[in-house]
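Student: The structure's right below; bear with me while I get my questions together.
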Amino acid sequence: MKAELVLMGKRLDMAPRAARRWLVATIYMVLAAVLVELYLLDHWRTSGYYLIFATFLVNRFLLGGYQFGGLVKPFNERAPVRRVTPVPFVLLFGLRVWEPEPRDSELRNDEREQAQRDHAHFQAYQALIVALAPMWLLAAWAAGSSRLLAWLMARLPMTPMQLIYGLVLATIAMAITLPQSILLWTEPDMEEAEGE
């Protein structure tokens with residue numbers, strides 16, 4: 001895991017656990033706000049894809065894990081594809097699209113890191129199962145009829161299909177970001193870990 005994050009040309013110290021937790025909480029608050037704003041914009045008719053695109057950008061530049069970049073080492077341990085020239089629109093935001101060529105030891109996860117990665121995925125899958133339960137209930141209601149769910153849906157400002165779609169969008173965003181977020185949230189302060 002990296003100890004610092006470069007965002008808009010500014011270096012942020014991510015060694016303390018509190019800083020990483022602040023980052024994770026901020027990411028999920030922003031993604032939730034984007035989900036709500038996109039619903040208000042057009043009820044996710046065409047804008048739902050933007051949430052998924054934003055989630056991939058968050059992974060690429062902040063979290064890492066599935067892509068090279070961000071704080072978490074790549075899960076697949078393969079070297080990234082290098083760009084020779086920067087993408088012009090990225091320069092406007094001061095984001096680093098390329099990094100120095102990593103050494104092989106920087107890409108390899110040791111046994112402790114692999115165990116942490118596997119445990120984070122296990123925890124993420126448990127959370128995703130919990131997130132899928134409301135979708136299952138709503139889909140069951142849409143397929144049949146339930147008086148309780150019909151009573152609840154009559155009080156919501158959206159149709160059952162819009163609610164299911166919103167839950168699907170939120171669950172996909174969680175599936176993309178949750179393992180890395182769990183690693184960032186649970187890892188102790190990096191100075192303490194080095195001292196042990």
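None of the figures in this text is laboratory data; all of them are computed from the coordinates on show. What you see is a predicted model; the values in this text were computed from it and never measured. Backbone-built Cβ (ideal geometry, glycine too); neighbour counts: all protein chains shown.
Student: Starting from the Cα-Cα distance between A25 and F53, subtract it from 0.36 nm times their residue separation and give me the gain in nm to one decimal. Intermediate values should be presented prior to the final figure.
Tutor: Numbers: separation 28, 0.36 × 28 = 10.08 nm, distance 1.91 nm.
Residue separation times 0.36 nm, minus the Cα-Cα distance, leaves 8.2 nm.
Student: Give me the distance in nm between label points sitting 7 Å out from Cα along the Cα-to-Cβ direction at R60 and Q114, one decimal.
Tutor: Using points 7 Å along Cα→Cβ, the separation is 3.0 nm.
Student: How would Y66, Y125 line up from fewest to most surrounding beta-carbon atoms within 10 angstrom? Could the numbers behind the result be given before it?
Tutor: On the way: Y66 17, Y125 13.
Exposure proxy ranking, most exposed first: Y125, Y66.
Student: While we're here: Label T46 and A139 with points 7 Å out from Cα along Cα→Cβ: what is the distance between them in nm?
Tutor: 2.8 nm
Student: Quick check on the exposure proxy: order I176, I52, I129 from fewest to most C-beta atoms within 10 angstrom. Working shown, then result.
Tutor: On the way: I176 20, I52 13, I129 10.
Going from least to most buried by this count: I129, I52, I176.
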